[in-house]
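Beneath this line is the structure, given in C-alpha cells, with notes to follow.
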Amino acid sequence: MSELGTPTFKINTRILFAGIFLISLSGLVLEIAITRIFSAAIWYHFAFVAVSVALVGLGSSGLLVHYRLKKIKENWAHDLTIASSLGICIILPITLYVMHSLASQVVYLPLFMFLFSIPFFFVGVVISTAFSAFAQNAGRLYAFDLIGASVGSLSVVLFLSLLGGEGTVLLVGIITAVCATVFSVTIKNKKKIIISIAFVAFAASLLGIHETTQVFSIPTDPTANKDLPIFLRENPGSHIANTQWNSFSRIDVVEGISGNCIPSLDTRNPSQCVDEGVIAKIFIDGGAGTNIISWDGNPDSRKELSSWMQYLPFKMIDDPKVLIIGSGGGRDVIAAIASGSKDVTTVEINPIIFQTVRSYGDRAGNLYDHEYVHSNVDEGRSFVSRSQEKFDIIYIPFVDTWASVSSGGLGVSENFLYTKEGFQEYYDHLNENGKVVSVRWLIDSPRFVTTFIQLLENNGIPLKDTYKHIIIATSESTTKDPSVTMVIVSKSPFTESEISFLSDSFIKNGYKQILVPGKVMMEPYPSLFEGDVSFEEFYSMYSTKVHPVTDDSPFFLSFEKPLPSILETLLYISIIIVCAFLVIPFIWLRSSEKKSELAISSVVIYFAALGAGFILIELALLQKLILLLGNPTMTFAILLFTMLLSSGIGSLISAKMIKKGTKNLTWAILGIIAIGLVYVVLLPDMIYSVIAENFATKVAISVGLLFPIGFLMGIPLPTGMRVLKSNFANHIPWMWAINGAFSVFGAVSSVILGIILGASYAMSLGIIIYLVALGISLSWKKQTIQIQNK
C-alpha cells in the first residue's frame with residue numbers, strides 16, 4: 001500500500017476537480033435554498049439555524065473521515081465519494097417530502113435539521129477525502145471548491161426565481177448525481193457510470209413531477225403564530241391563489257377573503273375586509289401581509305381612507321408631494337391620492353409584489369400605472385440617496401404584524417430604513433415644511449423619539465425645542481401592544497393649524513394622543529425634552545431597547561435586552577459544536593499523534609482562527625454592502641461570488657507563491673490585516689461617497705473593494721493544508737472540521753457583535769483573530785511545505 005494520502009492509481013485530476021467544483025456549487029445552492037425554506041415555512045430566524053446545520057454537517061464529515069481514514073482501502077476514497085454524491089440525491093427528496101407531510105410544524109424542527117444536515121455531511125465527505133488524498137494539490141483543490149461555491153452564489157438567484165425553494169433543492173439532487181457520474185468517469189468504472197446516469201434521470205424526473213404536481217411543496221406551519229396561517233384559520237373561505245418565489249422571499253397571494261383583514265389590529269378602522277374592499281392579501285414568507293384593495297382609479301373615491309389615523313398627515317397639506325417607501329399592495333398610495341395628492345412616488349423592493357398588484361388591473365385601479373403615481377422597484381434608502389427631488393411627506397408604512405414582532409424573529413434582521421443616517425437622508429429630501437411619517441407599533445415609539453431628538457439636534461435645533469417637531473398618536477392603547485402607532489417628525493415646528501387639525505381628528509376618531517406640542521406629552525417624555533434625564537437614564541426606564549440605531553448596527557427591530565433569545569441559544573449551540581469538534585478529539589489524539597517539529601496545538605489554533613476570522617470579516621462586509629447596493633439578495637450574491645472567486649484564485653496560485661517556508665504566507669496574512677484595517681476606518685465614508693451612483697457602477701466598486709482581501713484570504717488555508725500534509729497528514733479532515741466549527745461560532749459572534757456594538761467591531765475582531773494566525777505563521781517560518789506543482 002502506498003503512503004497515506006497518495007492515490008494508488010493514476011487518475012485525471014482535471015476531471016476530479018470538475019467534480020469538486022460541482023459538489024461545492026451544489027452545497028452552496030442547497031444552503032441558501034434551505035435558509036429560504038426555513039424562513040418561509042417556519043420563521044425568519046431559523047434561517048440562521050439552517051446555516052448552522054450546513055456547517056455542522058460539513059464539519060462532522062471531517063471528523064468521520066479523520067477517524068476512518070486508515071480503514072479506507074483506497075487512499076482516494078472514490079467509492080465513498082460516489083456513494084456520498086448519490087446519497088445527497090436520495091436524501092433531498094425524502095427530506096422535502098417529510099417536511100411536506102408534516103406541514104413543516106416547528107415541533108418537528110429537530111427532525112428537519114437532522115435530515116438537512118445529512119446532505120451537507122455527504123458534501124463534506126467528498127471534499128475532506130479529496131483534501132486527504134491530494135493535500136499536495138491543496139491550492140488547486142481549494143480553488144475549485146471556492147470557485148464552484150462562487151458560481152453557486154450567483155446561480156441560486158436564478159434557480160430560486162425559476163424553480164422556487166423546493167425545486168431548487170431537487171435541482172441540487174440532479175447536480176450531485178452528475179457529480180457521481182464525473183467521479184465514476186474519473187476512475188473509469190463503467191458500472192458506476194451507468195448507475196450514476198440512472199440517478200441523474202431519477203432526480204430529473206422528480207423535479208419534473210414536482211413542477212407538475214407540487215408534490216414536494218412545503219407549506220407554512222399551520223400551527224405557528226404567524227400571519228399567513230392565522231389569517232387562513234380565521235378566514236375559512238380564503239385560499240392561496242398563487243405562490244411565487246424569488247431569491248429573497250416567497251410570496252403567497254390569498255383570495256376569497258370575507259373575514260378580518262388584520263386580526264387584532266385597529267378596531268376603529270374598517271378592518272373588515274369586505275368593508276375595506278380587499279380583493280387579495282399578499283403575504284411575504286408567510287409573515288408580513290399587505291392588502292390589495294378594490295379601487296376604480298377615481299381620485300374622488302375611497303375618501304373614507306383619509307380619516308384613518310395613519311393617513312391624516314396627507315390632508316395637512318394641499319396636494320402634497322408624497323414619497324411612499326414600501327408601497328406593497330398599494331392601500332397607502334390610494335389613501336394619499338384620495339386625500340388630495342396628485343404626485344405620489346412609490347418605492348417597492350419586491351418585484352413579485354409590484355407585478356402582483358399590476359396583475360389585478362382595473363380591479364385595483366391600475367394603481368402602479370395611474371397618472372398620479374410614479375412607481376419604482378427599488379430599495380428605499382438606495383432610491384432616496386439617488387433622488388434629486390424634495391417631498392412634502394415621506395411616508396414609511398410597515399408590513400410586519402404584531403405576531404412577527406412579538407415572536408422575536410425580526411430581531412436578527414437588519415433594517416437600514418430606520419437608522420439615524422437613514423432619517424438624515426429623508427430629512428435632507430424634505431421641503432421646508434416637510435414631514436417624515438413612520439407607522440409601526442407602540443413599542444417602537446420611544447426609539448423613534450430618541451432617534452428624532454438626535455436627528456433634530458444634529459440639524460441645529462436645541463433639545464428644549466425638539467418637541468415642537470414631533471407628534472405621536474396610537475390607535476388602541478398608550479400602554480400596551482398591539483396598537484398601531486404613528487410618529488411624525490417635521491422639518492419645521494408644527495404650525496398651530498396643523499396641531500389643531502391632527503389633535504381634533506385624533507379626538508374625533510377615538511385615537512390616543514401621546515405627544516402633541518402644546519396639547520399632550522405623556523411621561524417620561526417631558527423629562528427627556530427638558531433635559532432632566534440623560535439619554536442613558538431614559539434608556540434604562542424601559543425593559544426593551546429604545547436607543548437609536550445606526551448604519552453600523554441597523555437592528556431597529558431588536559428589542560430584547562441584551563440580545564434576542566434566539567441568538568443566545570445559537571451561541572450556546574456554537575460553543576457545544578466547537579467543544580465537540582475541538583476539545584474531545586484533541587484529548588483523544590494527544591496520546592497517538594506522531595512526533596513532529598510542528599506542535600499540533602499551533603495547527604488547531606491556526607485553522608480555528610481562519611474559520612472564525614474569515615466569516616467575521618465576510619459577514620461584516622455583507623452588512624456594509626447591503627447599504628451600498630440596496631438589494632440585499634444581489635448584495636449577498638455579489639459578495640459571495642467575488643469573495644469566493646477571488647479566494648479561489650488566491651488558492652490556485654498559493655502553491656506558486658509559497659514554495660518553501662512560510663515567509664510569503666506571513667505577508668499574505670499581513671495583507672489581510674492591513675486591508676481589513678483600511679475597511680474599518682474608511683469603508684463607511686467610501687460607501688456614502690458613491691451611494692448615489694448607478695447600480696452597475698456600485699457593483700463594479702464593490703467587486704473592486706472585495707477582490708483584494710478575498711484573494712489574500714484564499715491563501716492561508718491551502719498553505720496550512722500543505723504544512724499539515726508534511727507533518728500530520730492524518731489530521732487534514734480534522735482540521736477541516738475545526739475550520740467549519742469555528743465558522744459557526746464566528747457567524748453567531750458576528751451577529752451578536754453587530755447588534756451590541758456594530759459591524760465595524762465584528763470586522764475588527766476578525767482582524768485580531770487573523771493576528772493570531774499571523775503569530776502562528778511566524779512560528780512556522782522554518783517549516784518545509786510539500787508541494788506538487790502539476
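The values are calculated or read from the model by the stated rules, or taken from the named source; none is laboratory data. In this text the structure is predicted, and so the values were computed from the model without any measurement. Note that each Cβ is placed from the backbone with ideal geometry, even for glycine, and that neighbours are counted across all protein chains shown. For accessibility, only protein heavy atoms count, side chains too; no ligands or nucleic acids. Shrake-Rupley method; radii C 1.70, N 1.55, O 1.52, S 1.80 Å.
Between amide H atoms placed 1.01 Å from N, distances below 5 Å from T550 occur with K420, F555, all of them 5 or more places distant or on a separate chain. The trypsin sites (Lys or Arg not before Pro) found in the range 152-236 that occupy coil by DSSP, while having at most 16 further C-beta atoms within 10 Å, are K188. Structural size metrics of the range 175-221, computed from C-alpha coordinates, are Rg and Dmax of 14.3, 47 Å. Relative to the current alpha-carbon distance between T697 and T495, full extension at 0.36 nm per residue lengthens the span by 68.4 nm. Applied to the range 186-194, the Karplus parametrisation 6.51 cos²θ - 1.76 cosθ + 1.60 on θ = phi - 60° returns per-residue 3J(HN,Hα) values of 4, 9, 6, 9, 4, 4, 5, 4, 5 Hz, with x for Gly and Pro. Averaged per residue, the range 306-405 has 31 square angstrom of accessible surface, using a 1.4 angstrom probe with ligands and nucleic acids left out.
Within the shell defined by Cβ-Cβ distances under 12 Å, the residues around S217 carry a net charge of -2, with Lys and Arg each +1 and Asp and Glu each -1. Can you pull the percent of the range 78-203's accessible area that's carbon plus sulfur, 1.4 Å probe, other chains left in place? That share works out to 77 percent. One Cα centroid belongs to the range 482-543, the other to the range 280-309; the line between them spans 27 Å.
For the range 97-212, taking Cα atoms only, Rg and Dmax work out to 16.4, 48 Å respectively.
Counting only protein heavy atoms and a 1.4 Å probe, tell me what percentage of the range 706-784's accessible area is made up of carbon and sulfur. Write down the numbers at each step before the final one.
Details: 1530 of 2160 Å².
For the range 706-784, the apolar C and S fraction of the accessible surface comes to 71 percent.
Subtracting the Cα-Cα distance of L771 and E530 from 0.36 nm times their residue separation leaves 82.0 nm of extension gain. Each label point was placed 7 Å from the Cα along the Cα-to-Cβ direction; for I756 and K561 their separation is 1.6 nm. Were the residues from R363 through K190 laid out at 0.36 nm apart, the gain over their Cα-Cα distance would be 56.2 nm.
Evaluated at q = 0.11, 0.18, 0.20 Å⁻¹, the base-10 log of the normalised Debye intensity for the range 449-549, with identical point scatterers placed on the Cα atoms, takes the values -0.33, -0.90, -1.10. The alpha carbons of the range 642-722 occupy a box of 47, 23, 14 Å along the principal axes, longest dimension given first. Translational diffusion of the range 347-486 was estimated from the Stokes-Einstein equation, with Rh taken as the Kirkwood radius over Cα pairs; at 10 °C and 1.306 mPa s the coefficient is 93 µm²/s.
Hey, which of these cross-link pairs are over 26 Å Cα-Cα: K468/K545; K303/K508; K303/K480? It would help to have the intermediate numbers written out before the result.
Numbers: K468/K545 24 Å; K303/K508 17 Å; K303/K480 30 Å.
Pairs exceeding 26 Å: K303/K480.
The residues of the range 711-760 present an accessible area of 17 Å² per residue when probed at 1.4 Å with all protein chains retained.
Among S327, G365, N291, whose Cα lies farthest out toward the positive end of the dipole of the range 285-437, if unit charges sit on the beta carbon of Lys, Arg (+1) and Asp, Glu (-1)? After comparing all options, I get N291.
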